[in-house]
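Have a look at the structure below before the remarks.
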Amino acid sequence: MLSTREAALAAVRQDGLALEFASVALRADPEVVLAAVEQNGFALLHASEALRADPEVVLAAVKQKGGALVYASETLQGDREVALAAVKNTGWALDCASEALRADTGVVLAAVKQNGCALFHASEALQADPEVVLAAVKQNGFALKYASEALRADPFLARAAREASALARMPRFCRFLLARHRQEGAARVAAQVDVWLIRRGLDGFARACKRQRAA
């Protein structure tokens, strides 16, 4: 048992999970817990209930290990800043976010850009959002299976998913050569994507205009 503050701080700075062996009082000490979660975000599991509801502590934890969001208080699982930090570190942390945030386009986009298969935890509405699904399949071609039925049948997305999957299976050096080769056609590909999004009213300029009109 780590009973002194100095011993606890030294231990958790070496291994955050050592917080488990600290006294109840030290697991409620903000400095000790912060040092622990900065070394290993999952140490949040052993923090006091009050500190699992502390924004500074939880934010530090999820920045180190996105999955630590599962140990945060329900209130902070619904905090957009905390959830964004978590999914940027680990896309699958979207599973631990509140229902409202799993329907938040910005949060879900951040999640699928880190791990395309995090699309599985997005709301049904966002699983049917072409912009979100495109971002997901570009990161991981297998993510297409979590899209809405209509988008799974979209030829453009199906091709993007096949290309992403094929690229992931390539040896690293081959991927490097292919990336250099694709630079020559990057503008053309980008234009195709822009046209595909514009047809669905999903380009950035169109969205900005809609928001301005709604304001």
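Quick notes on this one:
- From the options ALA97, ALA143, residue that is buried (at least 22 other Cβ atoms within 10 Å of the Cβ) and over 29 Å from LEU17 (Cα atoms): ALA143
- Residue that is surrounded by the most Cβ atoms within 10 Å (Cβ to Cβ) [pool: residues in segment 61-77 that are over 9 Å from LEU44 (Cβ atoms) and more than 14 Å from the chain's Cα centre (by Cα)]: LEU76
- Test for ALA100: is it among the hydrophobic types (A, V, I, L, M, F, W, C), out of contact with any strand residue (DSSP E or B) (no Cβ under 9 Å at 6 or more places or on another chain) and free of Cβ contacts under 8 Å to residues at least 12 places away in the same chain: no
- Residue check, GLU131 out of contact with any Gly (no Cβ under 8 Å at 6 or more places or on another chain), over 24 Å from LYS65 (Cα atoms), acidic (Asp, Glu) and surrounded by 15 or more Cβ atoms within 10 Å (Cβ to Cβ): yes
- Residue check, ALA83 small (Gly, Ala, Ser), touching a Leu at 6+ places or on another chain (Cβ under 9 Å), surrounded by fewer than 23 Cβ atoms within 10 Å (Cβ to Cβ) and under 26 Å from ALA61 (Cβ atoms): no
- Elements of type helices (runs of 4 or more DSSP H) contained in segment 119-164, each with 1 or more residues being touching a residue at least 12 places away in the same chain (Cβ under 8 Å) and over 12 Å from ARG102 (Cβ atoms): 130-139, 149-152
- ALA83 being at pLDDT 95 or above, within 30 Å of ARG13 (Cα to Cα) and part of a helix (DSSP H, G or I): yes
- When GLU31, GLU49, GLU56 are checked against the criterion of being outside any helix (DSSP H, G or I) and among the acidic types (Asp, Glu), GLU49 stands alone in meeting it.
- All told, ALA7 meets the bar of being of a type in the set (A, V, I, L, M, F, W, C), out of contact with any helix residue (DSSP H, G or I) (no Cβ under 8 Å at 6 or more places or on another chain) and either surrounded by 24 or more Cβ atoms within 10 Å (Cβ to Cβ) or assigned to a helix (DSSP H, G or I) (or both).
- Single condition GLY67 does not satisfy, out of (1) outside any helix (DSSP H, G or I); (2) touching a Ser or Thr at 6+ places or on another chain (Cβ under 7 Å); (3) not charged (D, E, K, R): (1)
The values are calculated or read from the model by the stated rules, or taken from the named source; none is laboratory data. Fair warning: this is a prediction, and the values are worked out from it, not measured in the lab. In this analysis, Cβ positions are derived from the backbone assuming ideal geometry, glycine residues included, and neighbour counts consider all displayed protein chains.
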